[in-house]
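Reviewing the structure listed below.
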Amino acid sequence: MAAEESRWLLGRPVPGAYPRVQNKKLYLATFAAVLGPLSFGFVLGYSSPVIPELSKADDPRLRLDGNQASWFGSVVTLGAAAGGILGGYLVDKVGRKLSLMLCSIPYVSGYIVIISAQNIWMLYFGRILTGLASGITSLVVPVYISEVSHPKVRGMLGSCVQLMVVTGILGAYIAGITLKWRWLAVLCSFPSCIMLLFMSFMPETPRFLLNQNKRSEAIASLRFLRGPHVDHEWECRQIEANVEEEGLSFSEFKNPSIYRPLLIGVALMFFQQVTGINAVMFYAETIFEDANFKDSRMASVVVGSIQVCFTAVAALIIDKTGRKVLLYISGFALGWGPIPWLVMSEIFPLKARGISSGACVLTNWVMAFLVTKEFHDLVNFLTSCGTFWLFSAFCCMNVIFTAFYVPETKGRTLEQIEAYFRRS
């Protein structure tokens, strides 16, 4: 066992390190968690079918003009930016599991406000609340999944976050074909309620429990997640070797093992958003209407379906190909959609995971707001062709950044990744 442990600590994955692991309950815990990103996807997709409907609303108090429509689509990202800050605090103070359960409250509350809306400001407020929940979700779920997973399946399960996001977007597009905007809001509130129910039966992550000096509970969590035939004590010792109980001070951000992964994570989130993907997803139906498609709603469904298919492919191959290869060669759904969230959940040391993840999520959603809010102004200033050429230029910069700065995390434990940044 000592030789095997030393090989892990040297950073080389050991074939068969989890030879008798049982993944069924791990998959169940992941399913419960990714109901949050499903809700998050419904929030993102909701504006696409609803904006054209509200632009023609009979009630003048709810009718959206062009500027109001852009705010309706983009204000959710401001709520999500605030959610990133709040999530960074909650994930370290109350834990990963309870943070996920708590975010169901603003999801449901936001949709209740939208359903009962009597004016445009109520619509905005409902969108901000659902955005707040989305920001918490987008931070906590990747952290939860990365901490309950083992290296053999962490890439696949981490990619399921983005898979469920695009599934939620597609669900909103499809449901929006037949449902009016109030009934669509009712439907969108269901996944968060189911997540609350399922997560109440799932364990907290072993790393958080060990950080709270709850070793027996951490062992019980590992037994639930790995099955009875794995050496839980061995894995627990590997985690304990890297658990630092003291708090994080700002002076420690001078340490390269903390600031380097933080800069990489923030840059990945910046580059993800300047591809322009959220502008396309938020305003898909409007874009296709402007392009004179006969059936703009069906065209939006096709875009959503492509996103789901290729994100699913990414989940299946990411643990074989690695993260960097997909970032080099793909389009959005195969690489730049799922992988920044996955890498964010892998590279931060345990003591800095909350605040660093919060900074990344804040960056992501502030950039999402700028891109979605200013998209129409960019089109007016640069034309549609010029705007998408600008997005393409940023995609080329993404590849250069990945080549020089993003580490490959395939097959490594979270402790090995942390050790890599300490060594370098």
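The values are calculated or read from the model by the stated rules, or taken from the named source; none is laboratory data. What you see is a predicted model, and the numbers here were worked out from it, not measured in a lab. Don't worry about glycine lacking a Cβ; one is built from the backbone with ideal geometry, like all the others, and counts go over all protein chains shown.
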Worksheet item: Is it fair to say GLY358 is in contact with a Gly (Cβ under 7 Å, 6 or more places away or on another chain) and under 19 Å from PRO206 (Cα atoms)?
Response: no
Response to the item:
Of the listed residues (PRO206, PRO228, PRO151), the one being surrounded by 23 or more Cβ atoms within 10 Å (Cβ to Cβ), of a type outside the set (S, T, N, Q) and over 23 Å from GLY83 (Cα atoms) is PRO206
Discussion item. Against the definition (among the hydrophobic types (A, V, I, L, M, F, W, C) and at pLDDT 90 or above), how does PHE224 come out, yes or no?
Written reply: yes
Worksheet item: When the range 157-187 is examined, which residues are found to be under 21 Å from TRP341 (Cβ atoms) and over 14 Å from the mean Cα position of the chain (by Cα)?
Response: LEU170, GLY171, ALA172
Fill in: Checklist (1) at pLDDT below 80; (2) more than 25 Å from LEU370 (Cα to Cα) applied to THR286, failing item
(2)
Fill in: Selection from the range 256-274 of residues that are modelled with pLDDT of 80 or more, more than 20 Å from ARG323 (Cα to Cα) and out of contact with any Phe, Trp or Tyr (no Cβ under 6 Å at 6 or more places or on another chain)
ILE258
Item to complete: Could you check the range 151-207 for helices (runs of 4 or more DSSP H) lying wholly inside it with 3 or more residues that are under 30 Å from THR409 (Cα atoms) and of a type in the set (A, V, I, L, M)?
Response: 151-178
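Table: residues versus (1) β-branched (Val, Ile, Thr); (2) in contact with a Ser or Thr (Cβ under 9 Å, 6 or more places away or on another chain); (3) touching a residue at least 24 places away in the same chain (Cβ under 8 Å); (4) over 23 Å from ASN278 (Cα atoms).
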position	(1), (2), (3), (4)
LEU132	no, no, yes, no
VAL140	yes, yes, yes, no
VAL148	yes, yes, yes, yes
GLY171	no, no, yes, no
GLY176	no, yes, yes, no
MET195	no, yes, yes, yes
PHE201	no, no, yes, yes
Worksheet entry | Residues of the range 79-94 that turn out to be in a helix (DSSP H, G or I), farther than 18 Å from LEU129 by Cα and out of contact with any Ser or Thr (no Cβ under 6 Å at 6 or more places or on another chain), as a count | 2
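To keep it simple, each residue is scored yes or no on (1) at pLDDT 90 or above; (2) under 30 Å from PHE421 (Cα atoms); (3) not basic (Lys, Arg).
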site: GLU4; (1), (2), (3): no, yes, yes
site: SER39; (1), (2), (3): yes, no, yes
site: LEU44; (1), (2), (3): no, no, yes
site: GLU53; (1), (2), (3): no, no, yes
site: LYS93; (1), (2), (3): no, yes, no
site: SER99; (1), (2), (3): yes, yes, yes
site: PRO106; (1), (2), (3): yes, no, yes
site: SER116; (1), (2), (3): yes, no, yes
Item to complete: Test VAL379 against the stated conditions and say whether it is modelled with pLDDT of 85 or more and not acidic (Asp, Glu).
Response: no
Discussion item. Which of the helices (runs of 4 or more DSSP H) found entirely inside the range 310-419 contain at least 3 residues meeting this: within 15 Å of the chain's Cα centre (by Cα)?
Written reply: 339-347, 353-405
Item to complete: Determine, yes or no, whether VAL161 is buried (at least 24 other Cβ atoms within 10 Å of the Cβ) and touching a Ser or Thr at 6+ places or on another chain (Cβ under 6 Å).
Response: no
Item to complete: Determine whether the range 11-24 contains at least one residue that is part of a helix (DSSP H, G or I) and modelled with pLDDT of 85 or more.
Response: yes
Worksheet item: Inside the range 388-424, can you point out the residues that are surrounded by 15 or more Cβ atoms within 10 Å (Cβ to Cβ) and either on the phi > 0 side of the Ramachandran plot or of a type in the set (D, E, K, R) (or both)?
Response: LYS410, GLY411, ARG412, GLU415, GLU418
Worksheet item: Any idea which of (1) closer than 28 Å to LEU78 by Cα; (2) of a type in the set (D, E, K, R); (3) at pLDDT 80 or above is the one ARG323 doesn't satisfy?
Response: (1)
Worksheet item: Counting only residues that are touching a helix residue (DSSP H, G or I) at 6+ places or on another chain (Cβ under 7 Å) and β-branched (Val, Ile, Thr), which one in the range 400-424 is farthest from GLY265 (Cα to Cα)?
Response: THR413
Worksheet item: In the range 314-329, what residues are in contact (Cβ under 8 Å) with a residue 24 or more places away in the chain and among the hydrophobic types (A, V, I, L, M, F, W, C)?
Response: ALA314, ALA315, LEU316, ILE318, LEU327
Worksheet, complete the sentence: SER74: passes all of (1) touching a residue at least 40 places away in the same chain (Cβ under 8 Å); (2) closer than 30 Å to ALA29 by Cβ but (2)
